[in-house]
Structure formats: C-alpha cells, structure tokens
Amino acid sequence: MSRGRIVSSLLRAAAKAARTSEQSGQYVARRMISTNGVGLAAAGAGRSLLGVSAWRMPIPLAAQGLRHISLDALKPSDNFVPRHNSTTPEEEAAMVQATGFASMDALIDATVPKSIRRGDAMDMGIYSEGMTESEFLGFFKNMAEKNTVLKSYIGMGYYDTHVPPVILRNVLENPGWYTQYTPYQAEIAQGRLESLLNFQTMICDLTGMQISNASLLDEATAAAEAMTMCSAVARGKKPRFLVSSKCHPQTIAVCQTRAEGLGLVAEVVDEGSMAFGKDVCGVLVQYPDTTGSVNDYKSMVDAAHKAGVKVCVATDLLALTKLAPPGEWGADIVLGSAQRFGVPMGYGGPHAAFLSCHDEFKRLMPGRIIGVSIDATGAPALRMAMQTREQHIRRDKATSNICTAQALLANMAALYAVYHGPKGLTEIADRVHGLTAVLAAGAKKLGLAPTANNFFDTLTMKVPSADAVLSGGVAAGVNLRKVDATHVGVSLDETTRLADVDVLLKVLNGGKAAGFTAASLAPSVQPALGSFQRSSPFLQQQIFNSYHCEHEMLRYLKRLENRDLSLAHSMIPLGSCTMKLNATSEMIPITWPELANLHPYCPPNQAQGYAEMFRDLAAQLCSITGFDAVSLQPNSGASGEYAGLMAIRAYHRSRGDTHRDVCIIPVSAHGTNPASAVMAGMKIVSVSTDAKGNVNMAELKEKAEKHSKNLAALMITYPSTHGVYEEGVDEICRIIHQHGGQVYMDGANMNAQVGLTSPGHIGADVCHLNLHKTFCIPHGGGGPGMGPIGIKAHLAPFMPTHPVIPTGALPEQPANAAPFGTMAAAPFGSSLILPISYAYISMMGSGGLREASKLAILKANYMAKVLGQHYPVLYTGPNGTCAHEFILDVRPLEASAGVKAEDIAKRLMDYGYHAPTMSWPVPGTLMIEPTESESKAELDRFCEAMIKIRQEVADIEAGRLPRDDNPLVNAPHPAGVVLADTWSRPYSREVAAFPAPWVKQAKFWPTTSRVDNVYGDRHLITRITDEQPVAAHA
C-alpha cells in the first residue's frame, strides 16, 4: 500500500473514531493528526511504516479514566496573551498571597475606586477575542497589501531611500537598539550617546552651524520651534514671524497653528516683498525651495540682520553636500529632516528632524543635546547636556514642551552617514543631481522647461493640465506632485535610475515616447547648481571615514549596542514610562514595503490599507478610552497634550468664550502639562497636593470657583503621578464642568486603566495616549513615540487637519468639522509605527488587555510589599495599595548614610539594572513601574538587588563602610576600574562587580565610571572635532 493510501486509511479511521465518540460519548481518539497533515502524533505505541505510532482503536473511557478532548486543547499554540503577560497561574497566586489579598479580584476591588469601574466587556468587535500571532500577521498582511506602492517623485521633504541592510537588520529590527530608554543614565548608554553625538556633528558640518540638537519630531515642528526661538530671542516683544510662500505647505500650516497659541502671527509672504518691520522677530525660507529652486538669500539675510531679525532656513541634508551651507551665508537657525539618510518614508514617519544654530542660542534650543564630559576617573564620557532646560524641571518656563524626540531614527541617519562617509554621500548627491539635470534637459526639449535655472533634485514644470500628467503618471506606475492646475513637480532621489528618467519623460510627453533617451542626453548635460556650489569640506572626522565595508560597520554597530542596557538585558523599572514588552510579532510589519515605502502625500486611493488600519485602530482606542473619536496626527505625547488643549481652546472660542484661558494644573502633574498649556495660550493656576499625594480637593474647589468665569481646562493625570488611584476623581471632573471648564486627562498612566476604567467613563473630555507606553511602541532610546488623542463628541469637530491630505477625527469625520490647525508634517503623524499598537491590541483582545492592567497592578503591589519591608513606600491608597507604580522614599538614607537616590541608581547598574525614575515626581525618591510583561523571576531579582543595596547602606550606617568610600558612592564599577592593577577600596572587587549570583551568569558592564554632569555643562562640547575625539573611537 502506498504512503498516501496509508495516510488516507488512517484519516478515515480517525474520522470514524471521532464520529463514534461524538455519538456515544464513551470513546476518545488517542492519536491526533500532526500539523503537517501526514504524520500522526502518538504516545506509548509501536512504530508504523510512516515512522509514527500505529493507530489504535478507541478504548473505553471507563477502562482508561480519560476525559474528552477539551476545546482549549485544540486552540492554536501561538496565543499572544500569555507571551506578553508573562505570568503563570501559580506565580499569580503567589504574588496575590504576598499582597495579603484572597484573590486578584479582591486586590483590584481594593485598589480601583468602585465609582469609576467600567462594567462593560470593552467590546472591540472582531478584535474582542484576540488573534494569535500568526493569525494577526496573515490578517494584517492582507490589509497592508491594499496599499499600492508606486515610485513617488512627490518630494516636499520626503524621499525614497536605500536603507543599508546592515543598519536595517542590526538597528531598526534589533531590540538591543529599539528597546533602550532615553539616555538619562549615561554610564549604561554610551553607545547611543556616541551615535547621537555623531548625528549632531553631521548636522553641524552639513549646515555650517555651531551647535545642533539630537533630533526633533519632524521638519514642520522644527520650523515651529525655530519660530518660538526667534520670539524668545526678542523676549516676546516682536509678535510677527515671516514665512516664505516658497516653504513646504505643511511647514507653513504647522507654523501658523503654533503661532496662534503663542500669540504670534506667522505671516506668509512673497520673497520679493519681504519687509522687516520693528515687530518682526524672524523669517523662514526654504533652501532649495518647495519648487526646487536654489535661491540667493544673501541680500535678504543682510536686510534682516540690519533690522534685528533672525533668519531661519529649512533645508535638505543631501543637497547640502553640494550646496553652500546656510551657516556660510548668514543663517541664524537651520532646520530640516534627516529622513532621506536611510530612513523609510513610512507614509510620513517617524523621521528625525534637526535644528542647529549659533552657540549663543544654545540655552533657547529645544530638544535634547548630547555633550562630552568626563567620568570619575577623568576619562571622556558622554551625557545629555543642559538638562535644566527640560520641561520636567522648568515646567511652564521651559523652552519647549518636547519630551519624546526621534533618537532611533537620528541614530539610523547618523549611521547612514558613517557607512557612506563624505565621499559616498557626495557620490549619491552627484547621481541624484545629475539625473535631475538630465530630466530638466529632456523636459526642455519637450517644450516643458523647468521654472528654475538652479536646482538640486526637484523640478517644477508648466504643463497644459497637471491632472492629466498626474493621471498618466499613475498609469505608468509613478506619482508626481501637483503644484497647481498647470504646474507639476518632480523630485528625484537615491533610488532613481537612468531608466526611470525615460519613464518620466514619457509621462511628461503625454504617454508618448520622447523620441530620445536619457542616456543620449546625459553626456551633454551640465550641473545646474550655479554659484551655489559648496566649497567647504564636511565630515572629515575619523568616525565618518572608517566603516565603509559591511564587516567593519557590523562590528561598529555591535560595539555601540554592547555599551547600552536595554530590555534585551533586563527589566527597566522606570515609573511613568511603562517599559513593557515590544513583541517581535508587533515589530515585524514595520519593514514591510507595503507600509515602509509609501509617500505620505500619495493619492489616498493608494493607501487603502493604511486607511483601514487607521479606522480600526481609532475604533479600538475609542472602545478602550470611552471616547467618541480619535485623532492620530500628534506624533508624541507632548504633541498630544498640545493638540488636546488647542481643541479645548477652539471649542470655547466656537461658543464665544474667548476669555476662557485659565488652566488648573496640580503641582504633581507631568512637566509637559504646564509647558503645553503655555504653548496653547493658557494661564497656569497651580493646585497643591495633600499629605497622601492626592489633589487638594478644597483648594481645587476654591480655585475653580475663583476662576469660574475664565476657566478653560483642568489637566490631571490618572492614576496620579504618585502611583495612586485618587478617590473622587469623578467629583473633580464634575467640579470643573460645573464651572464651564473641560477636563484634560494625561494618558501617561493609561496602563493602569485599560479594561478597568477609562478616561471617558471617569468624566474627561480629552486624553492623549502614549502609544510608546501603554500600547507597546518601543522607546527607541529616546523616540519615536506617538500621542494620539481621544475626545468626546463635542470636541471632535476641532481635530487637526492637514493642508495636503485633509484629515480629522476618526473613525468618522463629523460633518461640522472646524479644525484648529495642523499638528505635524504628515497627515497621520508617524504612521509607520501605528501598526505596532494595532498589533498589540488586536492580539491581546479585550480580555487580554484587561488582564494586563490587573497584572500591572498586582506586580506593582507585590514589589511594593516586598520592598516596603526595607524602604518606605511614600504613597498608597485608602486600602494600602498602589496603582501600577509606586514611590520608594530613600531620602532618610542621606542623613543616616550619606546615600542619595542617585547613588542607588548608579549601584543598580552593577547589578545589571537600569534605575527607576529618579527624583520625580518627588525629589530624592525612586518611582518603580514593573509592567505586566515582566516575569515574577525578574521582579524577584530586581527586589533582591534593591534589598542587597539596602544591606550595603546598613553597613555604612553601622560604620562597617566609610560614608565617602563605599560601593554606592563609587558606583558604577566599569571593567577598567575593577580590573585595574591596583585596588585600594574597602570592599572587594567581587562586591564591586559581581554583587549577586545572577550577575556572574550574564554580566552587563557599565562603560564608564560615574559621569560628571556639572563638568559637561561648564565645558560644553556637543560635536566631534579633530581636537576633541571621542574616546570610544579609539
């Protein structure tokens, strides 16, 4: 008998046995067909001709004591929920017991106020059940394939690019890079700090400026930040900011929106009629401009400077390899996007923007800045410089509300420059410009001469009908830009080839062959840069001239990665940061070409897959939050705050309440809250907290009453930043509403709400959602992030739109839309990372999400109970429980042992851990958030580390270790110190480097000794120079 007939016979026998069992209820098949449909799985039987166990006839259940096969046993094995939630029933029971409660439900009932508990099942339609990993990936692949990826020559700041595979695989797809946190703990972040210093150096060299930040959200918001800087330089006394009409439309729109809240006027003007009056603080031009023209701005710069006006220039990095940098012809601030340096378009982002300026403006510069300092041994070390400018410290007086930057994408762009070097970048630029010049010559030969004589990669041509040309382009597989009814734009890029130019010429010729080829034109074509040719060298530092073969680049990337602690190493217990699992199955889709290679301004009918995902994700978020609509445009948490407040502002104005401009904010709020409120044109009224860390209810009532006529909003975080579910939060919402205000809820702590309560149920009107916290987008070492906002129906009409691709509230745009403006350069913000949150929600389902919240609360309470025996837990709720995070009060240790929170933070590095959130929201404390996706074993290891550290403190208190020379004040202990020839410390090398058993199994070495923060700010170095090489390069 053949193999196939044997299998068929066995399958028939299995089916017969199944029918017999179904009919009588007394038999069960003991052999299950294997997953490949050929072999049979068996146990305890002889081998068959197929190499599997022979089939046995059904055996009476009574004789065998067996049960029927359960339906659960037949479900797929790649269920995502237990992979994410990381807890067995036995571990859950043990943790519940340790907290002193009889069950998980009893703990939750004692923690989450009954008055705000949601009673529904959080119905999410087809997503309620939760998909398996393989099921979701197949489902979403079908959705993504509804996108149509054509070759896009639309430009406008977005270009196709070749992502070097060595960077794609080893950075973008590598959890060792994308699960890192913002490098506040410099000693375990030297790798990405070096890469970000490379980024700043690259930006300074190419723009000709003195100092750069380490990335911003996108080019349009960078322009808005530049406008704010100009106003600050003028001390707020010059309210007008001129914007050239030749800037990209999205940049103009974002600047106009930002200006409105700040009390400025972003005035769009023709470059030929710019007048610099006494009330003008700055001017913005595009170089090359949005039509592709390279213009001479030197006379304009001279006139602006004579009038005391600062000059801002939006530019293109690849163009600056060939064009004279703005810093050489007088620009004060230079900004733009680094997207085309090896970062996919991704339907709009995430991408790293940049902002560089003169050194005199460094204190006004937004975003993070990396600087060179020294460590405790005097060796060079890197750190984030000038942190006192940041919003969590300066609050309403901060230079910006920026919290999340685009570190991962900045690293990719910097590494792209490292890989190609100045020679490689110049070759790419020469090819792009050369192909553009060939296209210009061909267009001219067709009677469609470009409008500019000098250009780099973009041409604008007058045609009989722009719509006809665009339609012909789509038919030929290409997208062009419609500038107006009779002008089209074409922008070439790194991926363009000579054959593509022939296709474009055919499209421009109405679909008919041009009668000549690009190859035939090329030998006679001259560059079209005119007198703007760059003469100054760039990227001459060793780092940009060393790693141009893949082996060397791979090893450099690995060296950087090995210096940085990430979730690939251990738990990162940062309170309020929710460093949870970024599952591989969630990350897989972001490099699919159907998602990664789409231009954000392609025709909407080419982005149907994205549109379907946006609608479904918005519906999921509405169900989770209890809101009626969502905007997906804000591309960071702070941007979400600002968008929510601007929507509130627009709502009040639509009702004639233009006087409502007071925003009440508890002192415990995130620092971004007051900074965002100021940007939205609101006046801050603070409310204190009581001894239990809750909002002072009496003071809130008093101030709401006092400012009733002018009250615009309340900003509140829930659970509170103190890690407690405040009783009476629903009453707080009612008080604000009674006085005509709106309630803005900060969604930073949403991980403790999902499935248990919701902002909408509590009474909030709007809430931003940190998708890079609760909904699993990785932190990327300091970005990207996403901050969409959920809103009640009355705020939905005011959601932001976009000048190129109109958008608004989702899932359905209200008929009475009256958007407050534009938030981001792309219509849907950082679209490419939205699938991560969509995957998480879709695979978790309603029950899995609810379970995650419960486990987050359980694990925080378990750790609080264990560590509470050694350190005081600062705040708890009325039943002695915390929410999903808790604060340890280590302030008494300074008096008893001279130990500060920073010492504990640095000592944790020797145990292989990142520190909890340090000195926020209460100075001198540590805030811990374990998240649901950490296992009990990992929680226990971290607790053991903290307990051992407390024992080390006890040794200091008892005099067994000196206060000024002990494992804490000397921490961390890098290999160079531990392995030095001499060791004179009053504790052993083993205590220094291997303080716990698990450390010996997998030691993570800090790269440096403790970094000197003060020295770095007093001797500010923010770029690599020939005189100051970074030690790590040696």
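The values are calculated or read from the model by the stated rules, or taken from the named source; none is laboratory data. Note that the structure is predicted; figures quoted are calculated from it, not measured. No Cβ is skipped: glycine too gets one built from the backbone with ideal geometry, and neighbour counts run over all protein chains shown. Only protein heavy atoms, including side chains, enter the accessible area calculation; ligands, DNA and RNA are left aside. Shrake-Rupley method; radii C 1.70, N 1.55, O 1.52, S 1.80 Å.
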Placing each pseudo-label 7 Å from Cα in the direction of the beta carbon, E612 and A449 end up separated by a distance in nanometres of 4.9
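Let me know the charge dipole size of the stretch 873-934 about its Cα centre in debye, to the nearest 20, where only the beta-carbon of Lys, Arg (+1) and Asp, Glu (-1) is charged.
Values: 4 positive and 9 negative charges, 45 e Å.
For this selection, approximately 220 debye.
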Karplus-derived 3J(HN,Hα) from phi for the stretch 868-879 (6.51 cos²θ - 1.76 cosθ + 1.60, θ = phi - 60°), whole Hz, x at Gly and Pro, runs x, 7, 10, 9, x, 8, 5, 10, 9, x, x, 9
Dividing the surface of the Cα convex hull of the stretch 851-990 by four yields a projected area in nm² of 9.1
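Given R₀ = 30 Å, what would the calculated FRET efficiency be for E727 paired with R169, taking r from the Cβ atoms and rounding to 0.05?
Working: r = 50 Å, r/R0 = 1.68.
After rounding to 0.05, the efficiency reads 0.05.
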Dipole check, the chain, charges on Cβ (K,R +1; D,E -1), about Cα centroid: among N79, S536, M697 the Cα furthest to the positive pole belongs to N79
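With the full set of protein chains in place, find how many percent of the accessible area of the stretch 590-833 is carbon and sulfur; take the probe as 1.4 Å.
Values: 3030 of 6140 Å².
Roughly 49 percent, rounded to a whole number.
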The answer for GluC sites (Glu not before Pro) in the stretch 937-1027 that fall in a DSSP coil and have at most 12 neighbouring Cβ atoms within 10 Å is E1027
Distance in Å, no decimals, from the C-alpha centre of the stretch 680-733 to the one of the stretch 791-827 is 28
Two pseudo-spin positions, 7 Å from Cα along C-beta at D78 and at A110, lie apart in nanometres by 4.1
Between H487 and residues 5 or more places away or on another chain, the pairs with built amide H atoms under 5 Å apart involve V463, A466
Given pairs K362/K709; K322/K462; K683/K900; K773/K865; K362/K692 and cut-off 28 Å on Cα-Cα distance, the over-length ones are K362/K709; K683/K900; K362/K692
Projecting the Cα atoms of I841, P719, G1016 onto the charge dipole of the chain, where Lys and Arg contribute +1 and Asp and Glu -1 at Cβ, the residue farthest towards the positive end is I841
Amide H proximity to H973 below 5 Å, modelled H, separation 5+ or other chain, gives D910
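Placing +1 at every Lys and Arg Cβ and -1 at every Asp and Glu Cβ, with all other atoms neutral, what dipole size does the chain have around its Cα centre, in debye to the nearest 20?
Working: 91 positive and 94 negative charges, 264 e Å.
The dipole magnitude comes to about 1260 debye.
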Among the DSSP H helices of the chain, those whose Cα atoms extend at least 27 Å along the helix axis and whose mean Kyte-Doolittle hydropathy is -1.0 or higher are 3-24, 407-445, 834-867, 936-957
Charge dipole of the chain built from unit charges on the beta carbon (Lys, Arg +1; Asp, Glu -1), centred at mean Cα; most positive-end Cα among T822, I949, L961 is T822
Loop-resident trypsin sites (Lys or Arg not before Pro) in the stretch 641-703 with no more than 13 other Cβ atoms inside 10 Å, DSSP not H/G/I/E/B, are R655
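Cα gyration tensor of the stretch 590-833, axes a ≥ b ≥ c as square roots of the eigenvalues: rounded (a/c below 1.5), prolate (a/b > b/c) or oblate? Mind dumping the intermediate values first?
Details: a/c = 2.10, a/b = 1.55, b/c = 1.35.
Verdict is prolate for the stretch 590-833.
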Spelling it out for I370: with amide H atoms placed in the peptide plane at 1.01 Å from N, the residues 5 or more places away or on another chain with amide H under 5 Å from its amide H are A214, A385
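Roughly how many Å² is the accessible area per residue of the chain, as a whole number, for a 1.4 Å probe? Mind dumping the intermediate values first?
On the way: 36710 Å² over 1034 residues.
Dividing the accessible area of the chain by its residue count gives 35 Å².
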Once D359 and S984 are pulled to full extension, the length gained, defined as 0.36 nm per residue separation minus their Cα-Cα distance, is 220.7 nm
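Fully extended, how many nm does the chain gain between R960 and A817 (0.36 nm per residue separation, minus their Cα-Cα distance)?
On the way: separation 143, 0.36 × 143 = 51.48 nm, distance 7.00 nm.
44.5 nm is the gain from fully extending R960 to A817.
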Helix-only [θ] at 222 nm, the chain, -39500 (n - 2.57) per DSSP H run of 4+, per residue, nearest 500, equals -11000 deg cm²/dmol
Here, N879 and W998, labelled 7 Å along Cα→Cβ, have an inter-label distance in nm of 2.9
So, relative contact order of the stretch 590-833 in percent, Cα under 8 Å, 6 or more apart, is 28
Here the residues of the stretch 554-581 lying in the modelled label zone of A937, meaning backbone nitrogen under 14 Å from a point 7 Å along Cα-to-Cβ, are 570-571
Carbon plus sulfur, as percent of the 1.4 Å-probe accessible area of the stretch 419-532, comes to 54
Among trypsin sites (Lys or Arg not before Pro) in the stretch 209-316, those in a DSSP loop whose Cβ has at most 15 other Cβ atoms within 10 Å are R235, K237, K278
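Given just the C-alpha atoms of the stretch 170-211, how large is their convex hull per residue in cubic angstrom? Provide the component values of the computation, followed by the final result.
Numbers: hull volume 3.5 nm³, N = 42.
Residue-normalised Cα hull volume stands at 84 Å³.
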Using the Kirkwood radius over Cα pairs of the chain, the Stokes-Einstein translational diffusion coefficient at 37 °C and 0.692 mPa s, in µm²/s and rounded to a whole number, is 108
Mean separation of Cα contacts under 8 Å (at least 6 apart) over the residue count of the stretch 437-580, i.e. the relative contact order in percent, is 21
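Which shape class applies to the stretch 312-375: rounded if a/c is under 1.5, otherwise prolate when a/b exceeds b/c and oblate if not, where a ≥ b ≥ c are the square roots of the Cα gyration tensor eigenvalues? Walk me through the intermediate numbers first.
Details: a/c = 1.91, a/b = 1.19, b/c = 1.60.
Judged from the Cα gyration tensor, the stretch 312-375 comes out oblate (a/c at least 1.5, b/c at or above a/b).
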Given unit charges at Cβ for Lys, Arg (+) and Asp, Glu (-), the dipole magnitude of the stretch 590-833 about its Cα centre in debye, nearest 20, is 520
Bridge orientation stat for the stretch 590-833 from DSSP, antiparallel percent rounded to 5, came to 35
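Between rounded, prolate and oblate, where does the stretch 734-837 land on the alpha carbon gyration tensor, with a ≥ b ≥ c its root eigenvalues, rounded for a/c under 1.5, else prolate if a/b exceeds b/c? Don't skip to the end; give the middle numbers.
Numbers: a/c = 2.11, a/b = 1.08, b/c = 1.96.
Because a/c hits 1.5 or more and a/b fails to exceed b/c, the stretch 734-837 counts as oblate.
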Percent relative contact order for the chain, counting Cα pairs under 8 Å at least six residues apart, stands at 18
